[in-house]
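Taking it in order: structure first as structure tokens, then the write-up.
The values are calculated or read from the model by the stated rules, or taken from the named source; none is laboratory data. What you see is a predicted model, and the numbers here were worked out from it, not measured in a lab. Because the Cβ atoms are built from the backbone with ideal geometry, glycine has one as well, and the counts that use them run over all protein chains shown.
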Amino acid sequence: MISMEPIHFKNSQNEIQPTVNDDIEGQEIQEVEQIVQVYDYSKRAQWLRAAVLGANDGLLSTSALMIGVGAVRKDAKTMILTGIAGLVAGACSMAIGEFVSVYSQYDIEVAQFKRENRAKSVEKSEMDQAEKEKLPNPFQAAAASAFAFAVGALVPLLAAAFISDYHVRLGVVVAAVSVALLGFGGVGATLGRAPLVKSSLRVLFGGWLAMGITFGLTKLIGSTGL
């Protein structure tokens, strides 16, 4: 019995050692998962920020267009039709522009991948699934851009849709757009880690300036009888 005690002690040490290694490996796996999660969040934040900017563009361009036409035409139908035309034209323009831009980036990255493989004398001629997922998707970018623009453009359209009085309609459109500008500016500042109040006010004042200039110039041109 005495001679077997050291053997039993060695077996205990041998049983403890894999447990320690398993703990270390488990910690390393958790650290890798945390790094991957941070990277995925960063990519998601960039996509969200682009969507917010697209919605802000739709909001501002459509509202300025409606306000500009409202400077010379007081009926609600003309203003709403102008907003719808601005929504459709702007969404199509954003989608096409984003598609062309992202597709160019796609071609550049594919060409770079092929050059790197030739330089490294890699026999593999096709990308694996993980490498394909890293490439930008032009169709997804175009659809997201058009959708974000349309969401922003709906704000002034809905604000003006049910108001017949001219002055009240203009006031409601400006008020709704101002609230949306503050909201979009705040979200963009949060995603970009910029000062919240300062960035939101900058977006708001920029929107007011765009609507004011459009209204004033259209009013001036309309008064000449053109």
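If you scan region 90-115, which residues turn out to be of a type in the set (A, V, I, L, M, F, W, C) and within 20 Å of the chain's Cα centre (by Cα)?
ALA91, CYS92, MET94, ALA95, ILE96, PHE99, VAL100, VAL102 - these are the residues of region 90-115 that are of a type in the set (A, V, I, L, M, F, W, C) and within 20 Å of the chain's Cα centre (by Cα).
Can you pull out every residue in region 199-226 that is touching a helix residue (DSSP H, G or I) at 6+ places or on another chain (Cβ under 7 Å), more than 20 Å from MET79 (Cα to Cα) and hydrophobic (A, V, I, L, M, F, W, C)?
Result: VAL203, LEU204.
Out of region 199-226, which residues are over 15 Å from SER178 (Cα atoms) and either in contact with a strand residue (DSSP E or B) (Cβ under 7 Å, 6 or more places away or on another chain) or assigned to a helix (DSSP H, G or I) (or both)?
Answer for region 199-226, where residues must be over 15 Å from SER178 (Cα atoms) and either in contact with a strand residue (DSSP E or B) (Cβ under 7 Å, 6 or more places away or on another chain) or assigned to a helix (DSSP H, G or I) (or both): ILE213, THR214, PHE215, GLY216, LEU217, THR218, LYS219, LEU220, ILE221, GLY222, SER223.
Scan region 72-105 for residues that are touching a helix residue (DSSP H, G or I) at 6+ places or on another chain (Cβ under 9 Å), closer than 19 Å to ALA142 by Cβ and among the aliphatic types (A, V, I, L, M) and report the count.
So the count comes out to 8.
Any chance region 104-116 includes a residue that's exposed (fewer than 12 other Cβ atoms within 10 Å of the Cβ), among the aliphatic types (A, V, I, L, M) and modelled with pLDDT of 70 or more?
Taking every residue of region 104-116 in turn, at least one turns out to be exposed (fewer than 12 other Cβ atoms within 10 Å of the Cβ), among the aliphatic types (A, V, I, L, M) and modelled with pLDDT of 70 or more.
Counting just the residues of region 188-198 that are surrounded by fewer than 18 Cβ atoms within 10 Å (Cβ to Cβ) and either in a helix (DSSP H, G or I) or out of contact with any helix residue (DSSP H, G or I) (no Cβ under 8 Å at 6 or more places or on another chain) (or both), which one comes out modelled with the lowest pLDDT?
Residue satisfying both the conditions and the ranking: GLY192.
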